[in-house]
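Visitor: Handing you a structure now.
The values are calculated or read from the model by the stated rules, or taken from the named source; none is laboratory data. Remember, it's a predicted structure, so these values are computed and weren't measured experimentally. Counting neighbours? That spans all protein chains shown, and the Cβs are built from the backbone with ideal geometry, glycine included.
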Amino acid sequence: MIRFRPSLLATVVAALVAVFLLMPLIAVIPVSFTPTRYLAVPDGEYSLRHYRAILENPAWLQGIWLSIRIGFAASLIATLLAAGFSLGIWMLQPRFAGVYMGLAMVPMVAPPVVSALTLYFFLTSLSQVNGVVAYDTFWGVVMAHVVMIAPFAVVLLTVALGQVDRRIDLAARSMGAGLATRVFRVILPNIRFGLITAFFLTFVLSWEEIGVTLFITSVNAVTLPRLMWMGLRDNIDPAIAAISVVLIAIVVAAVLVRTAVELRQRRNTN
C-alpha cells in the first residue's frame with residue numbers, strides 16, 4: 001500500500017490552524033486558576049478554590065450526574081432507533097428510501113429554535129395527561145434529546161451499513177437463517193464499530209445540548225449546560241471556567257486513548 005506523507009509546509013499550516021482553533025480553549029485554563037470571585041487572568045497568584053467549589057457545591061454535582069444519566073439514556077435510545085431504521089432501509093430497500101431518509105434528517109436541518117418551540121409545546125401538552133414524559137422532567141428531556149440526536153446516529157449507521165457486503169446476508173438467508181439470526185449474528189457484528197461511534201457521538205451531543213434544553217426545563221431538570229448558562233447569565237462564576245477545563249481534559253484523554261487504540265490495531269494488522 002502506498003502511503004502519502006504530508007509536506008513540511010502542509011504540516012506547519014495544519015499546526016498553525018490547530019493552534020488558532022484551540023486558542024479559546026487554552027485561554028480558559030489560566031482563568032480557571034484565578035483567586036478572585038470573577039473571571040480574570042491570574043496576576044501572579046493562582047488558586048484551586050473554584051475546583052474545590054465544584055466538588056463542594058451540590059448543584060454542580062447534581063447537574064453533572066443528571067447530564068450523564070440523560071446522555072446515557074438518550075444516546076442508547078437514539079442508537080437503537082437509528083439502528084432499526086437504518087437496518088430497515090438497508091435490508092428492505094423500499095421504493096421511497098430517499099423520502100424516509102429525508103424525514104429522518106428533519107431535526108438535523110431544522111432551525112434549533114423551531115425544534116425547541118415544537119418540543120416545548122409538545123411536552124407542555126403531555127404535562128396535562130402525565131407527569132413522566134412531560135415538561136421539566138427527566139424523561140421529557142431524554143425524549144427531546146433523542147429527537148435531536150437520532151439523525152446523527154442514522155447518518156453514521158447508514159454509512160457503516162453501506163460498507164457491508166450484501167452477499168453475506170444473502171448467504172445467511174440461503175442457508176436458512178431467520179431474520180433475528182441475520183440481524184444479530186451477521187449484520188450487527190459487521191457494524192459494531194459504527195454502533196459504538198454512534199453511541200458516543202450522540203452521548204456527546206446530548207451532554208452539550210443547551211438550545212432545546214433551555215425551552216423544555218425550568219427548575220427540576222437542570223442539566224450541566226443549563227447550569228453553566230445560568231451561571232454566565234446571573235453571575236459570571238469562575239467555577240464555569242474550572243469545569244470547562246475538566247471537560248476539556250476528559251475530551252483530550254478520550255481522544256488520546258482512541259488514537260492509541262487505533263495505532264495499536266494498525267500495528268497488529270500490519
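Visitor: Do we have any residue at all in region 215-231 that's free of Cβ contacts under 8 Å to residues at least 12 places away in the same chain and out of contact with any strand residue (DSSP E or B) (no Cβ under 8 Å at 6 or more places or on another chain)?
Guide: yes
Visitor: Would region 72-79 turn up any residue that is surrounded by fewer than 14 Cβ atoms within 10 Å (Cβ to Cβ) and not polar (S, T, N, Q)?
Guide: no
Visitor: What number of residues within region 43-60 are over 26 Å from the mean Cα position of the chain (by Cα) and either exposed (fewer than 11 other Cβ atoms within 10 Å of the Cβ) or assigned to a helix (DSSP H, G or I) (or both)?
Guide: 8
Visitor: Just give me the residues in region 221-254 being surrounded by 14 or more Cβ atoms within 10 Å (Cβ to Cβ), over 16 Å from residue 38 (Cβ atoms) and either polar (S, T, N, Q) or modelled with pLDDT under 80 (or both), in sequence order.
Guide: 223, the sole residue that qualifies.
Visitor: Tally up the residues in region 69-94 that are in a helix (DSSP H, G or I) and free of Cβ contacts under 8 Å to residues at least 60 places away in the same chain, please.
Guide: Residues in region 69-94 being in a helix (DSSP H, G or I) and free of Cβ contacts under 8 Å to residues at least 60 places away in the same chain: 4 in total.
Visitor: Does residue 85 satisfy the criteria of being closer than 16 Å to residue 159 by Cα and aromatic (Phe, Trp, Tyr)?
Guide: Yes: the conditions hold for residue 85.
Visitor: Could you tell me whether region 246-262 includes any residue that is out of contact with any Pro (no Cβ under 9 Å at 6 or more places or on another chain) and in contact (Cβ under 8 Å) with a residue 60 or more places away in the chain?
Guide: Yes, region 246-262 has at least one match.
A quick yes/no check of all residues on (1) at pLDDT 90 or above; (2) closer than 29 Å to residue 196 by Cα; (3) hydrophobic (A, V, I, L, M, F, W, C):
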| position | (1), (2), (3) |
| --- | --- |
| 122 | yes, no, yes |
| 130 | no, no, no |
| 138 | yes, yes, yes |
| 146 | yes, yes, yes |
| 151 | yes, yes, no |
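Visitor: Give region 1-42 a look and list any residue that's closer than 29 Å to residue 54 by Cα and over 29 Å from the mean Cα position of the chain (by Cα), or say none.
Guide: Across region 1-42, the qualifying residues are 34, 35, 36, 37, 38, 40, 41, 42.
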